[in-house]
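Bear in mind these aren't lab numbers, they're just calculated from the coordinates by the rules spelled out. It should be emphasised that the depicted structure is a prediction, and the values quoted were computed from it without experimental measurement. Don't worry about glycine lacking a Cβ; one is built from the backbone with ideal geometry, like all the others, and counts go over all protein chains shown.
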Amino acid sequence: MIIDINFVGLIIASIMASAVPLILASCGELITERSGVLNLGVEGMMIIGAISGFALMTITGSLIIAVFGAMLAGVLISTIFAFLTQTLITNHVATGLALTIFGIGISAMIGKNFVGIPGKEFPVLFEGLKDTIPLLSPILFGHSIVFYFAFALPFITSYFLKKTKIGLIVRAVGDSPESASNQGINVRLVRYACILYGGAMCGLAGAYLSMIYTPQWIENMTGGRGWIALALVVFSTWNPIKILIGALIFGGLTIIQFHMQAIGVRIPVQFLTALPYIVTIIVLVVISRDSRKIRLSTPSSLGKSFHKDN
Amino acid sequence: MHKFLIRSFVSSLVLLFTLTVAAIAKDVKAAFVYIGPTGDHGWTYQHDVGRKAVEAAGFKTTYVEGVPESADAERVLRQLANSGHDIIFTTSFGYMNPTNKVAKEFPNVKFEHATGYKREHPNVATYAARFYEGRTILGTIAGTMTKSNVIGYVASFPIPEVIRGINSFTLAAQKVNPNIKTKIVWAFTWYDPGKEAEAAKALIDQGADVIAQHTDSTAIVQMAEKAGVYAFGQASDMDKFAPKAVLTSVENNWGPYYVDRVKAVANGTWNQKDTWHGIGDGMVVISGLDSQMPSDLQAKVKKLQADLASGKVHSFTGPIYDQKGNLMVAEGKTADDGMLAGMMTYVKGVEGDIPK
């Protein structure tokens, strides 16, 4: 088989496109977790974003309203989680799981009238430059704005956490809410903001699936990607750049195993389909071996409820 | 006081009488048990379209969606049988044993199980559709329309239904174009739009210019539309999702059968049987043919459709060889239903191995 350089570019581009929802959801959840809150409702928030985006696009015809509406829907549903866990001090794990079940259920209910409707075409940027540079052109040009945003996000997130004052506050709240509170930081407010931000990013990830990646609505269309995003956050040891690497490996192997099947590589198909999961975990574990660094980036108070009075 | 008692006694008698009359003259009530959500726009969605046809024919219907193929199914079936349903359609293979078990307890309720083969009690019937006939037509179109001679096929799970479809498709494609190669990619899902789109994209990048699918979502035809290759709709007419890519769709049309069977219960003519209907009986429907297909191909397809319907042409007519070259069906013979039902080997010309 002759390997055409543009063919390689096309494969890389489709790998990147498949990684977008994982990067968005993981980076959103990362901020939530760095503030000490474990929100297992990623899948639920994504599916709410998916139906909200699709429904708003169908009703209003405006892609801008749809995209921001999906993010707002993510914010709204995560507000429920924030209220329960921060104001009523409920258990993070149980509340997060409930959020996922709630999201899947309510999206199916809203979505009843949107099944079987084709989506709209989402505009892409720099399409004219698509054939200019071999290999790089398909990777760099002709994608939606959400695509470019997703690949900038890990770097923005990393800068935000390391270099900005608010980033430092978020980390302080996640590591030791008591100390942060003694410093005069409103722990509850910071955590609320981080949960809502996570909701917005998960909403956007869902909208990407239902509006850009596969423009349609069907029930359960997120297909467990929320759980993979959650796992990526943990296996990347709360490092946004490693999330990017993990999402690309996961997306890459999913696509490459299909190519291997199509070429006719004689490896059991079940093994090929399991490959993305196995390799992503192995690679992330290997690149995150430095226990000192893990300690630095792990939010020490993750999942623990914080009461101002105690 | 006495007056009041008598009045209430009389009125309850009247009420009781009305209820009894209503019960005797009541309409036949049909129930449907679905494996997935009605919003899947695929398998369950099409069954629900059939249910709506039963409603339109003037019968009351109920449905329960997302019923697991486990002890839960028995519980749901018992509940439906207990709550006055006269006929219950169980629309997934895995309901086979629960259906038969519950049917024994409710001899007066009719049970109809889709895609199964067990009819242990006189009140259990089975039904399925010969989708492979539709795939013979798709194969004929694919073999004619391909320019790269590479045809992509996104498959779900290695079960006889899917293998039969791949074989039927490939045999038909080879007949019109001996040079074609069918590349198969297993997605191991019935519907996951993202994964299906990725599988289709991989096949397109590998040079396939016609994509067939045995998964349920519309993601594949949309991907084909984006890439400028041809595709076929699955389960329902998917033309509006990809007007340029979709050449035709194979539709699952359960409505007429469902209406027939519910009417049979109403008339008292319901009987146990095993139904395996194809194009001829209208259970498998070929959607409108796309105008991009040359007129001689359209004519050929129409004729093939008519011949499959009349039984003049059979999708599996010998000689058929397996991948190793062993004879599966002798020249002039056709595969019998037993062989079709258990088909777990690829015919010659299909690449790769069946995942075990």
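So here's what we get for this one:
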{"read-out": "Proximal lysines relative to A:LYS162, as straight alpha-carbon distance under 20 Å, when same-chain residues fewer than 8 apart are discounted", "value": "A:LYS242, A:LYS293"}
{"read-out": "Rounded to 5, percent antiparallel among DSSP beta bridges of the range B:232-356", "value": "65"}
{"read-out": "Only Lys, Arg (+1) and Asp, Glu (-1) charged, at Cβ; chain B dipole about Cα centre in debye", "value": "700"}
{"read-out": "Cα-based shape type of the range B:234-356, given that a ≥ b ≥ c are square roots of the gyration tensor eigenvalues and the cut on a/c is 1.5", "value": "oblate"}
{"read-out": "Cα-projected label distance for A:GLU121 with B:GLU105, points at 7 Å along beta-carbon direction, nm", "value": "5.6"}
{"read-out": "On Cα atoms only, tilt of B:295-310 relative to the major axis of chain B in degrees", "value": "50"}
{"read-out": "Cβ-based net charge around B:PRO243, under 12 Å, with every Lys or Arg adding one and every Asp or Glu removing one", "value": "-2"}
{"read-out": "Stokes-Einstein D for the range B:221-262, Kirkwood Rh over Cα pairs, 10 °C, 1.306 mPa s (µm²/s)", "value": "143"}
{"read-out": "Förster radius 56 Å - calculated FRET efficiency between B:ILE159 and A:ASN182 (Cβ-Cβ, nearest 0.05)", "value": "0.35"}
{"read-out": "Packing-based ranking, highest mean first, of B:88-100, B:329-341, A:115-127, B:249-261 given that Cβ atoms within 10 Å are counted", "value": "B:88-100, B:249-261, A:115-127, B:329-341"}
{"read-out": "Rg over Rh [alpha-carbon atoms, Kirkwood Rh] for the range A:5-297", "value": "0.98"}
{"read-out": "Simple label model, 7 Å out from Cα along Cβ direction - A:LEU129 to B:ASN179, nm", "value": "4.0"}
{"read-out": "Net +/- balance of residues flanking B:GLY152 in space, Cβ distance below 9 Å, scoring K and R +1, D and E -1", "value": "0"}
{"read-out": "Antiparallel bridge percentage (DSSP; both residues within the protein assembly as shown; nearest 5)", "value": "15"}
{"read-out": "Reachable aspartates and glutamates from B:LYS147, criterion Cα separation under 14 angstrom, eight or more residues apart if same chain", "value": "B:ASP209"}
{"read-out": "In degrees, nearest ten, helix A:269-287 long axis to first principal axis of chain A (Cα)", "value": "50"}
{"read-out": "Violating pairs (Cα-Cα greater than 26 angstrom) within the set B:LYS263/B:LYS302; B:LYS201/B:LYS244; B:LYS60/B:LYS110; A:LYS112/B:LYS29", "value": "B:LYS263/B:LYS302"}
{"read-out": "Helical mean residue ellipticity (222 nm; -39500 (n - 2.57) per DSSP H run of 4+; nearest 500) of chain B", "value": "-13000 deg cm²/dmol"}
{"read-out": "Added length on full extension, which subtracts the Cα-Cα distance from 0.36 nm per residue, B:ASN267 to B:GLU69", "value": "68.1 nm"}
{"read-out": "Simple spin-label estimate for B:LYS302 and A:SER305 in nanometres, 7 Å along Cα-Cβ", "value": "7.2"}
{"read-out": "Tensor-based shape of the protein assembly as shown (alpha-carbon gyration tensor, a/c under 1.5 rounded, otherwise prolate or oblate)", "value": "oblate"}
{"read-out": "Volume per residue that the Cα convex hull of the range B:14-129 spans, once the total is divided by residue count, Å³", "value": "111"}
{"read-out": "Neighbourhood net charge (13 Å Cβ-Cβ; Lys/Arg +1, Asp/Glu -1) for A:GLY41", "value": "-3"}
